[in-house]
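Taking it in order: structure first as structure tokens, then the write-up.
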Amino acid sequence: MVKSSRKGKPGLREIAATAGVSVATVSRVLNGSTTVAKEIRRLVLDAAATHDVDILSRNKTKALAFLLSNRVMSHAFHSRILMGAEAYCASQGWDMVFLSFSYSPLTPWRELNLPKIVQRHDVVRAIILAGTNSSNLLELLVNRGIAFAVLGNNVIGDQQIADEIDTVYSDDRQGGEEITRHLIQLGHKQIWFVGNTRLPWFARCHQGYLKAMEEADLPPQLSSIDSEEENEIGYLGTKSLLGSGKPVTAIFAGNDPTAHGVYRALRESGLRIPDDISVAGCNDTIGGFLHPGLTTIREFPEQLGRCMVELILNRIANPEQAPQHVIIPTEFVRRDSCKALAPALQAFTTERSTVDRGPAQFIAERHR
């Protein structure tokens with residue numbers, strides 16, 4: 001009689017018997033099924049450990065899903081995150097599947113419908129979560145037991161959950177401080193922040209701005225437009241500011257596309273950059289293509305993508321490790337859009353531009 005070479009080696013049946021579940025349940029855990037409750041999954045993993053079996057290592061799938069939420073792929077910043085993530089995946093012998101996903105932050109997490117492919121761990125092992133995300137999707141992924149790493153700068157809603165998951169940040173808060181201090185060192189005191197502070201990437205830059213203004217004992221000034229169209233935010237926010245009659249010598253736009261809108265509004269009003277008003281931005285996506293070149297904070301989206309892949313591969317290798325948090329520094333980029341004020345120069349008073357109080361300004365005021 002030929003004896004089986006597997007005799008004495010524990011398999012799915014032995015693990016199932018120890019855990020008190022069916023062989024099918026053990027198989028679903030092996031394949032990463034999200035239909036298995038976390039408590040049952042824990043029982044199966046503990047039973048496998050009792051038999052000295054690393055059940056998770058049996059899943060040979062080597063593909064990740066890049067899930068871009070509530071954003072278009074043409075967005076320069078997020079497309080560069082994808083490039084970085086995909087390049088690092090390839091260098092590690094992993095494949096990447098790209099998916100676009102739109103959902104409402106108001107939908108309860110139990111009612112969200114994930115793309116079917118990300119629910120199958122025998123197809124993809126984990127998710128790189130980019131775009132604009134809210135806490136309901138994060139809660140869904142946590143409760144389904146789906147491993148993921150997220151871009152923390154763009155998480156809307158309860159920020160506490162970001163402390164409990166694998167998260168990568170670009171240090172735009174520190175970048176906001178640097179830009180504002182630069183403007184202050186140039187002699188500017190009437191510095192306005194233009195952006196939509198309801199969105200987290202604007203809010204983080206604004207926090208840096210507030211800190212620098214507070215340290216310099218200067219009053220913060222905000223022109224906020226409730227929109228997600230960044231160029232429109234800059235244009236309408238600046239039109240509203242110019243129509244308000246309030247003094248301004250410098251504008252800090254929450255990102256480069258917003259600064260582009262600021263440029264348009266200033267030029268339509270007959271104002272020169274930086275001779276009349278200095279302008280600064282954040283993220284350096286288009287700052288080098290504007291005229292004059294935009295002083296801004298350079299972020300590193302390719303590194304953000306690479307780092308998210310690193311975190312998730314660490315998570316796959318060590319499922320029970322503590323949440324990982326990484327902050328990628330930013331770089332100050334000086335160009336020609338900011339100018340030092342002469343000691344006797346008075347702040348530009350927008351009263352002279354009140355003739356420009358067209359429809360755009362009143363739209364902006366309604367959004368404030």
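Worth pointing out:
- Residue in segment 218-241 that is modelled with the lowest pLDDT, counting only those that are more than 17 Å from Thr180 (Cβ to Cβ) and assigned to a loop (DSSP other than H, G, I, E, B): Glu228
- Cβ-Cβ distances below 6 Å connect the following pairs, each with a first residue in segment 70-89 that is over 12 Å from Met308 (Cα atoms), a second residue that is part of a loop (DSSP other than H, G, I, E, B) and charged (D, E, K, R), and a separation of six or more residues or different chains: His78/Arg71.
- Any hit, segment 312-329, residues being within 30 Å of Lys62 (Cα to Cα), free of Cβ contacts under 8 Å to residues at least 12 places away in the same chain and of a type in the set (A, V, I, L, M): yes
- Verdict on Val168 being at pLDDT below 95, among the β-branched types (Val, Ile, Thr) and surrounded by 24 or more Cβ atoms within 10 Å (Cβ to Cβ): no
- For segment 193-209, filtering for residues that are closer than 21 Å to Asp284 by Cα and either over 17 Å from the mean Cα position of the chain (by Cα) or not in a helix (DSSP H, G or I) (or both) leaves 7.
- Scanning segment 164-180 for residues that are assigned to a helix (DSSP H, G or I) and either under 21 Å from Leu313 (Cβ atoms) or of a type in the set (Ser, Thr, Tyr) (or both) yields a total of 2.
- Residues of segment 188-217 satisfying the condition of being out of contact with any His (no Cβ under 7 Å at 6 or more places or on another chain), within 20 Å of Val333 (Cβ to Cβ) and touching a residue at least 60 places away in the same chain (Cβ under 8 Å): His188, Ile191, Val194, Cys205
- Tally of residues being aromatic (Phe, Trp, Tyr) and more than 14 Å from the chain's Cα centre (by Cα) across segment 167-192: 1
- Of the residues contained in segment 95-109, none is found to be within 18 Å of Ile316 (Cβ to Cβ) and assigned to a helix (DSSP H, G or I).
The values are calculated or read from the model by the stated rules, or taken from the named source; none is laboratory data. Remember, predicted model here, so these are calculated numbers, not experimental data. We place every Cβ from the backbone using ideal geometry, glycine too, and count neighbours over all the protein chains shown.
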